[in-house]
Structure formats: C-alpha cells, structure tokens
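The block underneath contains the structure these notes are about, expressed in structure tokens.
Each reported figure results from applying straightforward, stated rules to the coordinates on display, with no laboratory input. From a predicted model like this one, the values you see are computed outputs, not experimental measurements. Here the Cβ positions follow ideal geometry from the backbone for every residue, glycine too, while neighbour counts run over all protein chains shown.
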Amino acid sequence: MANMWWACTVLVLCSAFGRGHDGPRLSLERLQPHGGFAHPSSSPVRFTFAPIIGKRRGVVMQGFWLHVSRRGHEVFNRTFTTQLPVAEVQLLPGRYQWQVQWFSTDGEVSDPASSDVVVADSGGDVWTGIPWMGANDTNEYEAQFDLSGSQSDQVELLVTTLGFGYVQINGQDVSQDILSYAGWTRTDRRVLYRNYEVTKLLNSTAGGHLFVALGCGYRCDPKGRFPSYKDPAEGSQDTVPKVFRLQMRINGRLAFHTGTPGAWRRRQGPVTQDSVYDGEVYNPRAVGPWVPSESLPVTHGPPGAMVAASFPGVQVTRVDHPISITAPAPGVHVVDFGSNVAGVCQISVPQAATVMLKHGEVLQHTAMPLKKIDPSRVYFDNLRSAAANDTLILDGPIQNWRPRFTYHGFRYVEVYGFPGQLTAEFIERLVMNTALPDRVNVTLSDEVLQAIHMGSKGVQRSNLMQVPTDCPQRDERLGWMGDASLSAASLLAHWDYNHMVSAFLDSMVDEMGTDGSLPDVVPFQRFGGRPADLSWSAAFLENLWQLWQKDGDLKPAQKHWDSVKAHVSSLNATYTAAGNVTKLPQSYGDWCPPPRTPGGQATETPPAGFTSAVSMLRSVQQAADLGTALGGAAAKDVESMITWHKNMLGAFHEGYYNPVNKTYANGVMATYVLPLAIGAVPATELQAVSQGLLKYIADHGNTWTGGIITVRFLFDVLHDVGAAATALSMLQKKDYPSYGYMYFNAYEPANESMWEVPDAPNRGPGMNSRAHHMYSSVGHYLTARVAGISVSRGHHVEMVVGQLSQVNASVATDFGAVQFSWSRQPSLTVEVTVPVGILAYLFVPVADGTMRLRSFDGQPFGEGLHSVVAGSGKYRRFTVPSGAHTMAVEREAVSGEFIV
C-alpha cells in the first residue's frame, strides 16, 4: 500500500430503463414442470416460472396467480403474495393443465402462460393386472384398437420397453424419446415407465394402429457380455429379455393394454441382430409372418415396482453434417464429423447393396503402438470387443435409415460397400443423449480454457444416457460410481441434472447391500466389485450433498436418510476392520495419473489407502452436514458421526503428516492437495503445506501429476490458498501433461470430449477411451471460478469478475437466465442481467478500481458498497437488483490508499 495520487477507475452501473412503464410488457417463460416426464404423487408438485421484464431494472414481484385444472375442471386456484415465483401444491395422480400470471408492486400484470404436468401414482396401482408381453423369437408387435372416443377426449399412453424399444401410433413415434422408455435400472427393484399424451395421433374415433419394436439394450447380448435373464432366487419369472408393458387410457379410464384378448400379433422384424456394443443388422428380407401374440403370464416379467420416469429420455439433440469424406481404398469411405460425441448415423442408400458403417474415435497416427499404421484409416482397437458396426442388407433403395437399438461414440465412420460415391447428402450424424437443458453456457477469451470447457460439457453430454455412463464407445458404457462422484459438481453446474441424478440415487439405493455397502458400478453389471473402492462409493453422499449445495434440495437426502445411516455404518465397519485410518482398503485409488513420459508407467501416486481415507472423511462429513441441515431426528443421528469425523481427521493428520518436511505421506501432489481439500491441515501448518504445494508444482513443470481424484480438487485448493493465478496458468498450458494437450497435440486433437488417460495418443487399446468424463470435474472450476458464475440454494447467484480479459457467461435458474459478462479492452466493463426473484451478488476486484453503484439517472441503489475477502483476492461486493445493467467506466484522480 502507498499514499499517493492514483488515476483509478470508477465503475458506474447503468440501467437500460427506469421504473416507469415505458419498457416492454411483463411476460413469463420456462414453466416447470411440464408434461415431458412425471412427478410422483408422494410429494407436492413444485411449480416455478421465469418472470420476464426485458431490459427494465428493479421490477419487484408482488405475487402471482396459479390455476390448475384437469380435463376442464378446476382443482386449484390461488393468488400467492410473494417475491419468489415458486409454489408447491399437492395433487392426486393424473394429467393437469396449469396457468400462471404474475404482477409487480407497481401494479403491472403479465400475460398468462400455461403448461401441463403429469402426476404419477407413486404406489404403482395403475399397473395392477396389466401383463408384460414378449417372446424370444420375435421383436415386433402390432395391434388395431378403437377406443370409441372423440377427438375432444384425452388419450394417454403409459409404456415401458425393456431393453430398448419404441412405439408408434398410426405410423408416428409417440415421442421424441429413443432407445428405451425404461432407462436402465435393477428391474427386480424398479422399472421406469413413461406417460405420453397421444390424442393427436389417433383417428376420429380415438383408434388406429399400434406398433412396438424391441431390442436387447442392456438385457441381452449376442456375445454374452450382459447377464442372461434367468429366474432370480426369489422365484419370479423374468426369462424373456425383450419385453414391453403398455396401457392406453381415455379420460383417465383404462381402455386398452398388453393383456387385451386377441388384439396382438407379433413377428420377426427386419432387425436380425442388435447390441448396444456391436451395433445393428437390418435386413428386410428377414421379416417373418405375423402370428397371434399372447401376453406373458401374470407372474412373469420383471418383478420390480413400476415407477414413472421423473427426468427426460434420450433424444436426438443435434444433427451434424460431415466436414470431410475421403475414399482411402476401393469400396471404403471415411466420414469425419469433426467432433467425438455419442449418436448414430442416418444414411440414405440409392440402390440395392450391403452397406456397413463402423464407428471410431480417431484416425491412426504414428504415436500409436501399432505394427502397421495407415493415417487415412480409422483406429478401432480401443473399442475392445465392441464391434460398433451397423449393417444394412438391401434389395432396393432406402431413405434416412438409422439404427434404433444401439448408439456409438465416434468422430469417424468407415463406410463399406456404398454404391457409388458417398457424399454429404447421403449421410449425417444424429447426436443422442438424455435431453437435459443446458444450465450454463460460457465463452472464455482464452482458446485453451474454452476448449477445456467445451470438452468438459461435451464428454458429459455423450455420457448422459439415462444413467451417467463412463464412456459411449467401447464394451463398457456403465454407471461407474467413481466418475459419477468426481463429476457431480460439474454435471450439476453444466446441466439441469437434478431429476436425473435423483433417479440415479434411487438406483444406488436399489443396489445397496443389507450391510450398507455399495458396488463400484450402478446398476451392478459387467465390471467392478462390492464393496466398492471408498472413492467410488463416495458417489452416494457426494451427489446428495451437491444437490443440497447447488439447489438447496434436501428431499433426496430426506428420502434416503435410512440408507445414508446404513452406508455410514458400513464405512464405520470398514474403518474398524482396518484398525487405522492409514490402513483402509483400496481398489483403484488416484486413477490414471499422467506418466512422466507419454506411454510410460505412472510413478506419482500416493500410498495405498490414502485416497480411501480422504474419501471416507469427506463422506462422513457430508452425511453430518446433511443430517444437520435436515434437523430433527436426523440431526440427532449425526452427533456420533461428527465426533467420529473429528477423531478420524486427527488420526489422519497424525498418521500421515511429517512435521519435519511439512508433507503428508510420500509427498506427491495428491498428498498436498487432498488434505487441504478436506480440511485436515491444522491452521498452524496451513501456510507451510500450501507453500509446499506451490513449490511442488513449480518443480514439476507447472502442471499436474496426480490422477482423477487429485485433479478434482486441485484447482479449487489453489484458488482457496490464494494461488488462482497458478491454477489459471496450469490450465492454459498446451504441452504434456495438461488439459490443453488433449486439444492442441499434434496427433489427435480432441473436440467436445476428454480422454480417459492423459497420454492417450501413445497408449495401447486396453483402457484408452477418448470420451471419458472422469476428468471433466474441471468444468465446475471453469464456470464458478474462471467464468465466475455460480448458483447456490436455487436462487442465490454469485458473479465474480476474474482474471481473463473477456468472458461471457449465462446460467439458467428456475426463475430465468442470469447473464454475466465482462471485458478489459482496455478498461473494465461489466454487463449483468438478473431475473426477478434472484438474489444476485456481483464481486469486482479492488485492483480494478474504486466503485460507485449508480442507476441510469444517477441515483444510488442496492445495499451499498463494502469490501469483502473472497477467493484468492480482495473484492468489492454489490447486491444487484433485477433487470439489465452495464458497469460503465470513468477515470478520475483520487487520493489516499489503494489496495492492490
């Protein structure tokens, strides 16, 4: 600090409009919930909407009117006096229409808006007496039906398909949902179904033709990679892998279903083989005759409870066109779509031919450990046993064919046998994923950081397949818990992920053992063990805790509180059996750290059990936090957890810390980062350990050397110890090892994806996915700390001006989108848009100048100005009212101390 004259900037917040009514009329959008998926009847429906005020400033909601009806009959009508656009209403099962209109303290009233909501029977009674249908020798079903209704009647289809499947009425898909209406659950515990309003698809008497096609999905596989469906121990009869169950209701009354006598026929369709791993074979010559079909006996089929899906299904979310098509050999075309994502190809073939499409992530290159390299051809070895091949056997032309019972992770496709020259007019890529709305969008001025951000979001998108899978391309595609734990915060930051992850938490509980243990994979198939590595089972409490932190949502924790207690009891049993926090078991640990030389062996790993101890401590702390927040009996439950955590934290420090050299365990990066992340470092040692971490980074090329667990916490730890500049410089690197190397290497620059291993170009095929989301945890740091925008408790938003020269960011909330941007070209300007109902704070570094917060007409507003310490620097905080605002810059001479 110094006493002297400074030419410093004064930032003035200007608004586009005053409080008058000369702006656009009030409106509203983003009505939630909507009829795309169901809400359980066991809890109140949470209605929200986004009040829209255009660019006006400071509009305050006085209240809103909410009207709910069912088939024209009013069931709820109330005016709420509140400044928050949210209400909870308990409704009985059914499909409802709802309408909302809001009004301001100035007496303005918005236009009304409406949507619908499905409330599902939580007890599953609606399925009583409805049988399953399926057979081992056929995969297509049809029925003619006439519900004897009129076009004014409301007709709903309730349906589930296992494994994959789709339904058409009168030749049209009943929904944009694809692959499966049932998702992927442990079907002896729960089976998901979906509810579609299909009135517009019917003929004039509410009738027509019903068609169902089925595929294996995760229930069968030609190579036996998924378990065969046998009679489980409890004696149920789940022996047919491809099954479906449906019913049609007219005005809420059951009118037609899979057990309707004499209504159904079945046949072998043109899909002669399908596999989620190997692809699909389509041969119209193989179509068999229709034969009568009977439903399965009442005791047969998956025995799990029927539960309405509470989150969106998988849909085509984008269509990509080739950026190049080459012909490296006779009869072979290589199609490049420019990015590595999940989906399928849609192709038109002009004449009879046998055409095969084989999908891969990268081209062959000289860094690969291959005996023979052809850089014009696609590399397939890392797919392992997954053929990823779709085949069409055609007697004539076909238009816009796509596989319906598989998907692939790919950038490139080798097409064999296409008649003539394959051009872009014949082929396109359909990008597929669970259709979650974006929650955050960010544009960063640094090209490396922007590539990492897009890679983090892109690789997560490719693994949103009704469960969060690990990868979309090889013979895995499983709900690995370690990935789900590490990416929890970034998934919730990037996507409207709440409902999907809540359903995944239900699946975790379905797989929880009687001893409270969890497996490494949910649903538990193919790989992993039980009990899980402690850093993998951490996904259960991590996701419950993050839901509370991000959206203030304690309902999942309340719902699963008994399972939380059982799981903590399991952790305690593991701790007791080990005898010491330094002796805990470990299966994977700090997975996939970068070797010093690409293609070599990793050496920078902590001792066995170190990450297990860290994860156990974090899990117990999260359980204690949740119980305290829930209060009542739960708060009493966690008293012993709090004591145990305190004692275990002390034992961790005592068992691992070396007071002479000020390091934990063997002194690798993980042993600095992780103790700091979990609060294990006493205040007296905090500076020494923090400085030790910074020295370690400087001595190791200013990059990271730890694995997926270390990197999950590394950048936040650096930020919190005052080294945000170090974190940023590490992220901006392009040389190996770094995030930037994934996108700017000379061999296979990634696009919309992230690698499984940091040295992917040099490694063999055994474990080398180019689209794994376990390193995508960095996405949360980029949005919250670099772009500076974050949400907590659902409607609290913080916006922090950071180090970059220019940033544009937006985050979607239930109440509307918060827009935040800044530019230092040359002096700082900030633009902010805040929806009605959002509590928004703006933080600007003191180094950017003294600020006065003023309105367009020069009048002050807000809480007033004061300095706060946040993150790794000093900031001044403003409370920003609703509306659109611009921070203008003035320069004036001021005297006195200026903190930099």
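Separation of the alpha carbons by more than 29 angstrom is noted, of K565/K662; K555/K636; K242/K565, for K565/K662; K242/K565. In this structure the amide hydrogen of S180, modeled in the peptide plane, comes within under 5 Å of the amide hydrogens of G165, V314, none closer than 5 places in sequence on its chain. Is the C-alpha gyration tensor of segment 338-442 telling us rounded, prolate or oblate? Criteria: a/c under 1.5 is rounded; beyond that, a/b larger than b/c is prolate, otherwise oblate. Since a/c reaches 1.5 but b/c is at least a/b, the shape of segment 338-442 is classed as oblate.
Per residue of the chain, the DSSP helices (runs of n ≥ 4 H) give a summed -39500 (n - 2.57) that works out to -6000 deg cm²/dmol at 222 nm. Sequence neighbours fewer than 8 away in the same chain don't count; with that in mind, list the lysines whose C-alpha is under 29 Å from K734. Cross-link targets: K371, K372, K457, K695. Going by neighbour counts of Cβ atoms within 10 Å, the residues Y196, Y282 line up, fewest first, as Y196, Y282. Using the Cβ-Cβ distance between N77 and T514 with R0 set to 41 Å, the FRET efficiency from 1/(1 + (r/R0)^6) comes to roughly 0.30. Charges were assigned to the Cβ only: +1 to each Lys and Arg, -1 to each Asp and Glu. The resulting dipole of the chain about its Cα centre is roughly 280 debye.
Considering every alpha-carbon pair of segment 125-309, the percent of pairs per 10 Å bin, from zero through the bin containing the longest distance, is 9, 38, 37, 13, 2. Quick check on segment 774-834: take the gyration tensor over C-alpha atoms, sort the square-rooted eigenvalues as a ≥ b ≥ c, and tell me if it's rounded (a/c under 1.5), prolate or oblate. In terms of gyration-tensor shape, oblate. Across the chain, the mean sequence separation of Cα contacts (distance under 8 Å, 6 or more residues apart), normalised by length, yields a relative contact order of 15 percent.
Only four residue types carry charge here, +1 at the Cβ of Lys and Arg and -1 at the Cβ of Asp and Glu. Report the dipole size of segment 440-785 about the Cα centre in Debye, rounded to the nearest 20. Walk me through the numbers before you get to the answer.
Working: 23 positive and 32 negative charges, 57 e Å.
So the magnitude is around 280 debye.
Between F527 and D106, the FRET efficiency estimated from the beta carbon spacing at R0 = 41 angstrom works out to 0.10. When you restrict to C-alpha pairs under 8 Å that are six or more residues apart and normalise by the size of segment 727-840, the relative contact order lands at 14 percent.
Calculate the FRET efficiency for A577 and N808 from the Cβ-Cβ distance with a Förster distance of 56 Å, rounded to the nearest 0.05. Could the numbers behind the result be given before it?
Values: r = 52 Å, r/R0 = 0.93.
Efficiency at R0 = 56 Å is approximately 0.60.
Here K874 is the anchor, and the aspartates and glutamates within straight C-alpha reach of less than 13 Å, apart from those fewer than 8 places off in the same chain, are D720, D848.
Which ordering of T705, T611 is given by a fewest-first count of other beta-carbon atoms within 10 Å?
Details: T705 24, T611 29.
Sorted ascending by nearby Cβ count, the order is T705, T611.
Applying the criteria of a DSSP loop state and at most 14 other Cβ atoms within 10 Å to the trypsin sites (Lys or Arg not before Pro) of segment 321-397 yields K371, K372.
For segment 497-615, the equivalent ellipsoid built from the Cα gyration tensor has semi-axes of 27, 18, 14 Å, listed from largest to smallest. Entry for segment 281-371 at q = 0.11, 0.19, 0.21, 0.23 Å⁻¹: log10 I(q)/I(0) = -0.69, -1.14, -1.25, -1.35, Debye formula applied to identical alpha-carbon scatterers, no solvent contribution.
Under 4 °C and 1.567 mPa s, how fast does segment 623-713 diffuse according to Stokes-Einstein, given a Kirkwood radius computed over C-alpha pairs? Answer in µm²/s, whole number. Could you put the intermediate results ahead of the total?
Values: Rh = 14.7 Å.
Diffusion coefficient, whole number: 88 µm²/s.
Relative contact order, whole percent, for segment 125-309 stands at 34, derived from Cα pairs under 8 Å and 6 or more residues apart.
So what's the Cα pair-distance distribution over segment 440-785, bin width 20 Å, in %? Cα pair-distance distribution for segment 440-785, in percent: 32, 61, 7.
By how many nm would the segment from S122 to T423 grow when fully extended, if each residue of separation counts as 0.36 nm and the alpha-carbon distance is taken off?
Working: separation 301, 0.36 × 301 = 108.36 nm, distance 5.09 nm.
Result for the pair: 103.3 nm of gain on full extension.
Rounded, prolate or oblate: pick one for segment 198-308, where a ≥ b ≥ c are the square roots of the eigenvalues of its C-alpha gyration tensor, a/c under 1.5 means rounded, and failing that, prolate if a/b is larger than b/c, else oblate. Taking the square roots of the gyration eigenvalues as a ≥ b ≥ c, segment 198-308 is oblate. In terms of surrounding Cβ atoms within a 10 Å radius of their Cβ, Y656, Y739 rank from fewest to most as Y656, Y739. Among [x] 40, 34, 29; [y] 50, 44, 28; [z] 45, 36, 29, which one is semi-axes √(5λ) of the Cα gyration tensor in Å computed from these coordinates? Checked against the structure: label [z].
Taking a straight Cα-Cα cut-off under 20 Å and skipping sequence neighbours fewer than 8 places away in the same chain, the lysines within cross-link reach of K583 are K646. In whole angstrom, note down how far apart the Cα centers of segment 179-231 and segment 355-425 are. First find each Cα centre; the distance between them is then 28 Å.
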